[in-house]
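Everything below concerns the one structure shown next.
The values are calculated or read from the model by the stated rules, or taken from the named source; none is laboratory data. Keep in mind the model is a prediction, meaning the values are calculated, not measured. In this analysis, Cβ positions are derived from the backbone assuming ideal geometry, glycine residues included, and neighbour counts consider all displayed protein chains.
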Amino acid sequence: MEIRIDEKFGKELSEKLANQEEICSWKQFQLTYQAAQATAVPSFEGLTALGHLPHMDFLPHQTEAAEEIVHRMHGRAILADEVGLGKTIEAGLVLKEYMIRGMVNKVLILSPASLVNQWVQELHEKFLIQAYSPRKKPTWQDYSVTVTSMDLAKRDPHYSEILSIPYDLIIIDEAHKLKNPDTKNFQFVKSLQKKYCLLLTATPIQNRITDIFNLVSILKPGYLGDLTTFKKKYGKKLGKEEGQEHLKELVGNVMIRNRRQDTGLSDTKRNVKTVWIDFSEKEKEAYDELEGIKALHPSFTYLTLAKELCSSREACFLSAKGMIEKLDQERDTSQLERLVEAVENLPQHAKALKLVEIIQQTDEKFIVFTEYRASQYYLQWFLQQHGITSVPFRGGFKKGKKDWMKQLFRDHAQVLIATEAAGEGINLQFCSNMINYDLPWNPMRLEQRIGRIHRFGQSKDVHIYNFAIRGTIEEHIMTMLYDKIGLFQNAIGELDHILEELEINDLEKEVKGIMEESSSHGEAKIKLDNLTSVISHRQEARRSTS
């Protein structure tokens with residue numbers, strides 16, 4: 001490279017030194033010096049951002065995670081803390097640190113649509129970062145920090161424009177939804193230009209060990225080798241002991257996973273109570289009709305109707321009517337028709353009566369989870385009949401309506417009746433009571449639900465009520481998940497490793513398979529007992545060696 005002498009520099013410097021007032025005044029120099037001191041980063045070690053956020057009270061595991069990401073993982077990491085431990089706080093702290101150090105300017109945050117406003121609000125209030133949430137005509141180039149939904153970002157013409165921008169930092173919330181490399185979401189995120197990248201998920205391994213391979217390949221392509229070699233080496237589970245330790249070490253270089261029992265969040269207790277309920281005689285008679293249906297129709301029909309009848313007569317009635325309409329004229333529908341007739345004449349649901357009884361004992365707020373929209377409508381009506389204010393929350397609502405329902409719940413209503421749409425993302429620390437009106441069969445979903453209230457920022461002990469009806473399919477599930485596995489007392493983190501070791505990809509599917517293949521409640525109970533015994537044995541083995 002040719003080096004040229006700047007002949008003008010010496011002459012200009014001499015002239016300015018001879019007339020110092022032309023450079024700047026002493027006052028201007030002092031102000032400039034003070035500004036430089038205030039913005040200087042004295043050391044690369046530690047977190048400079050903590051001194052800029054005196055209003056925040058971070059937990060030790062959050063600051064440690066941010067330090068790990070900045071200093072050891074070099075800005076590319078999976079934040080996989082259990083639900084409610086503050087993954088967004090950790091990500092915000094990393095972002096703030098990089099911005100103060102001048103290492104990050106252009107930022108893109110991709111989250112579910114329902115969480116976009118929450119991200120913008122938390123960045124502003126907690127980290128003093130001004131973020132932009134694009135609307136109808138986004139100008140992706142114009143803002144330093146942009147928060148948007150994955151659905152909007154991957155649409156044309158936004159897709160092409162976003163891919164053309166070199167981002168300093170990309171943050172992906174609910175990143176477990178990227179586990180399938182064949183989806184447009186995965187391909188889009190992998191194609192983004194990014195210097196640093198944070199993936200946030202409480203469940204980095206959901207069904208297969210290749211889930212973690214796919215997430216890591218977004219952060220560091222090739223870090224775990226190619227997929228064929230990876231599967232051959234580790235298979236469906238972690239494989240041989242030496243392979244297991246090696247993989248844990250490799251993943252540990254790009255993933256941080258804090259568990260509830262290791263953090264200060266355990267200071268707020270999780271009080272769990274099983275509420276056993278008995279059907280009325282008429283409800284029991286209607287439930288017994290299902291045994292005849294099981295003999296004539298696919299077992300899926302039986303499972304669906306049994307779960308729905310344990311939730312509300314409305315949910316079961318609508319499904320049974322729909323099934324009758326879809327069946328061929330040649331098929332015998334008499335059993336289904338008898339069920340519809342029996343359901344039509346049922347009294348108010350036993351669960352709904354217990355729900356009112358519990359809520360009326362206090363003026364505190366409750367979030368109630370149900371599996372079915374028909375049950376949600378019924379419960380809202382039934383609570384109104386007893387003078388209890390409530391608002392619904394479900395997946396079909398647009399983002400603005402979800403925010404409105406959350407605000408109404410916080411400021412006015414006593415109860416939020418939610419379907420699974422409230423199981424992820426939203427923060428409800430102002431509420432400390434939850435009723436699992438319908439218990440999910442997937443333990444991951446259960447922990448997601450509880451994480452809405454038992455999370456960072458919750459100042460009260462939380463109370464979880466789990467409803468189950470005796471002598472029904474719910475009793476089997478409750479006995480297995482609650483009594484035998486102790487799921488509600490223990491965080492889900494331990495169970496997901498055990499299921500992985502047993503090569504059970506989906507506990508819910510496993511349980512459904514048992515119920516479908518069993519010819520009687522007795523047979524189903526024996527099979528479920530066998531499954532829980534194996535899981536419990538693995539639990540004890542893990543604890544004895546830890």
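Scanning region 380-394 for residues that are touching a helix residue (DSSP H, G or I) at 6+ places or on another chain (Cβ under 6 Å) and under 22 Å from L305 (Cα atoms) yields a total of 2.
Got a sec? Which of D156, D151, D142 is more than 24 Å from H52 (Cα to Cα) and part of a helix (DSSP H, G or I)? Show your work before the answer.
Working: D156 fails: part of a helix (DSSP H, G or I); D142 fails: part of a helix (DSSP H, G or I).
Within the list D156, D151, D142, the selection yields D151.
Only one entry of A315, A295 meets the criterion of being modelled with pLDDT under 90, assigned to a helix (DSSP H, G or I) and not assigned by TED's automatic domain parsing to the domain that holds N466, and that entry is A295. If you go through region 177-215 and keep only what is at pLDDT below 85 and of a type in the set (G, A, S), you end up with just A202.
For Q384, the conditions (1) at pLDDT 75 or above; (2) buried (at least 21 other Cβ atoms within 10 Å of the Cβ); (3) in a helix (DSSP H, G or I) are fulfilled apart from (2).
Quick test of your reading of the structure: I324 fulfils all but one of (1) at pLDDT 80 or above; (2) within 33 Å of the chain's Cα centre (by Cα); (3) surrounded by fewer than 21 Cβ atoms within 10 Å (Cβ to Cβ); (4) not aromatic (F, W, Y). Name the failing condition by number. Failing condition for I324: (2). Take the residues in region 408-424 that are surrounded by fewer than 19 Cβ atoms within 10 Å (Cβ to Cβ) and under 22 Å from E174 (Cβ atoms); name whichever of them is modelled with the lowest pLDDT. Restricting to residues being surrounded by fewer than 19 Cβ atoms within 10 Å (Cβ to Cβ) and under 22 Å from E174 (Cβ atoms), the top hit is A421.
Determine whether G396 is farther than 16 Å from A413 by Cα and not in a strand (DSSP E or B).
Details: farther than 16 Å from A413 by Cα: yes; not in a strand (DSSP E or B): yes.
Yes.
Of all residues in region 450-472, count the ones that are polar (S, T, N, Q) and assigned to a strand (DSSP E or B). If you could, list the steps in order and put the result at the bottom.
Taking region 450-472 and keeping what is polar (S, T, N, Q), we get 458-459, 466, 472.
This time we only want the ones that are assigned to a strand (DSSP E or B), so: 466.
Of the residues in region 450-472, 1 are polar (S, T, N, Q) and assigned to a strand (DSSP E or B).
Among the candidates L110, L85, the residue that is outside any helix (DSSP H, G or I) and in contact with a Lys or Arg (Cβ under 8 Å, 6 or more places away or on another chain) is uniquely L85.
When residues of region 119-131 are filtered for being assigned to a helix (DSSP H, G or I) and over 16 Å from L152 (Cβ atoms), how many remain? Spell out the reasoning first.
Residues of region 119-131 that are assigned to a helix (DSSP H, G or I), as a first pass: 119-127.
If we keep only those that are over 16 Å from L152 (Cβ atoms) too, we end up with 121-127.
So the count comes out to 7.
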